[in-house]
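S.K.: After the structure tokens below, expect a handful of questions from me.
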Ligand SMILES: CC(C)(COP(=O)(O)OP(=O)(O)OC[C@H]1O[C@@H](n2cnc3c(N)ncnc32)[C@H](O)[C@@H]1OP(=O)(O)O)[C@@H](O)C(=O)NCCC(=O)NCCS
């Protein structure tokens, strides 16, 4: 399978490139050719160029045609809020979504991997965890058993979630963040890098530090660095 029917990655930046390499590693592990149908990006300056040797075919207005030709999509945007925005635009164009799970990730015991989800190398996910849709588990994150990640919930590299953690839609755990077992993060909540969450984090709130304390500002787009 090649460009004619492969996965289209939307966003030709660093994270999109990372997804390309996950798809390539997945294909190598299966002994098949990588099924990559190209990149889309709204930056016109990139059109006709390549990313990781794969053509950038145009902007999001191309998505409807590619969807009707049977291509599946993945969104190469790491931050949950803009990833959600792009995925919702694509869905409105009739797009359906692939998954990408690096062969060096370990998912064991009935882990659900919903559409649009990307799992990077080194991730470990324990039994009965549900990745509902459009989740991103970045390098070497670990998730205990029975976690639920709602749509677009995102776990940055090296973060650790105990068992039974619930992440609301488009919530975010930063680099090396730690969430003790059984806690919930509400929709759009953000835990900062290197922070340890010891109590539930309400929707839209930002917390950081050890132990993590809620700061008085909205979680919308704050601290994307
Ligand atoms: C927590 C976070 C969202 C806050 O972002 P913000 O609202 O823009 O915060 P600011 O950068 O304005 O920092 C405000 C203060 O909090 C401190 N601070 C920010 N993040 C912190 C963190 N994670 N741990 C400890 N202190 C932190 C800053 O040093 C600053 O302190 P000061 O007021 O004494 O100078 C952000 O800093 C963060 O940790 N983002 C996660 C990034 C990440 O992991 N990305 C993954 C990429 S793969």
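The values are calculated or read from the model by the stated rules, or taken from the named source; none is laboratory data. Note that this is a predicted model, so its numbers are computed, not measured. Methodologically, a virtual Cβ is constructed for each residue, glycine included, from the backbone with ideal geometry; neighbour enumeration extends over all protein chains shown.
S.K.: Could you check region 34-46 and list, in sequence order, the residues that are assigned to a helix (DSSP H, G or I) and either within 16 Å of residue 102 (Cβ to Cβ) or touching a strand residue (DSSP E or B) at 6+ places or on another chain (Cβ under 9 Å) (or both)?
M.R.: Listed by number, the list holds a single entry, 46.
S.K.: Mind listing whichever residues of region 98-129 are buried (at least 19 other Cβ atoms within 10 Å of the Cβ) and not in a loop (DSSP other than H, G, I, E, B)?
M.R.: Matches in region 98-129: 100, 101, 107, 113, 118, 119, 125.
S.K.: Output the residue which, of all residues in region 145-160 that are more than 13 Å from the chain's Cα centre (by Cα) and within 14 Å of the ligand (Cβ to nearest atom), is surrounded by the most Cβ atoms within 10 Å (Cβ to Cβ). Lay out the reasoning, then the answer.
M.R.: So the first thing to find is which residues in region 145-160 are more than 13 Å from the chain's Cα centre (by Cα), and the list is 145-148, 158-160.
So of that shortlist, the ones also within 14 Å of the ligand (Cβ to nearest atom) come out as 158-160.
On the way: 158: 18, 159: 26, 160: 19.
In this case the residue turns out to be 159.
S.K.: Return the residues of region 165-195 that are without any contact (Cβ under 8 Å) to a residue 60 or more places away in the chain and either near the ligand (Cβ under 10 Å from one of its atoms) or touching a helix residue (DSSP H, G or I) at 6+ places or on another chain (Cβ under 6 Å) (or both); say none if nothing qualifies.
M.R.: 173, 174, 175, 176, 177, 190, 191, 192, 193, 194, 195
For (1) in a loop (DSSP other than H, G, I, E, B); (2) surrounded by 21 or more Cβ atoms within 10 Å (Cβ to Cβ), each residue gets a yes or a no:
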| position | (1), (2) |
| --- | --- |
| 29 | no, no |
| 32 | yes, no |
| 66 | no, yes |
| 71 | yes, yes |
| 74 | no, yes |
| 81 | no, no |
| 84 | no, no |
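S.K.: Right, something else. Being farther than 14 Å from residue 133 by Cα and in a loop (DSSP other than H, G, I, E, B) is the filter here, so list the residues in region 148-178 that pass it.
M.R.: Matches in region 148-178: 156, 157, 158, 159, 162, 163, 164, 165, 174, 175, 176, 177.
S.K.: Just checking, does region 202-217 include any residue being in contact with a strand residue (DSSP E or B) (Cβ under 6 Å, 6 or more places away or on another chain), near the ligand (Cβ under 7 Å from one of its atoms) and part of a loop (DSSP other than H, G, I, E, B)?
M.R.: No, every residue in region 202-217 fails to be in contact with a strand residue (DSSP E or B) (Cβ under 6 Å, 6 or more places away or on another chain), near the ligand (Cβ under 7 Å from one of its atoms) and part of a loop (DSSP other than H, G, I, E, B).
S.K.: Please determine whether any residue of region 50-64 is surrounded by fewer than 18 Cβ atoms within 10 Å (Cβ to Cβ), modelled with pLDDT of 95 or more, in contact with a helix residue (DSSP H, G or I) (Cβ under 6 Å, 6 or more places away or on another chain) and on the phi > 0 side of the Ramachandran plot.
M.R.: Scanning region 50-64 turns up at least one residue that is surrounded by fewer than 18 Cβ atoms within 10 Å (Cβ to Cβ), modelled with pLDDT of 95 or more, in contact with a helix residue (DSSP H, G or I) (Cβ under 6 Å, 6 or more places away or on another chain) and on the phi > 0 side of the Ramachandran plot.
S.K.: If residue 88 meets every condition in (1) out of contact with any strand residue (DSSP E or B) (no Cβ under 9 Å at 6 or more places or on another chain); (2) farther than 19 Å from residue 188 by Cβ apart from one, which number is that one?
M.R.: The failed condition is (2).
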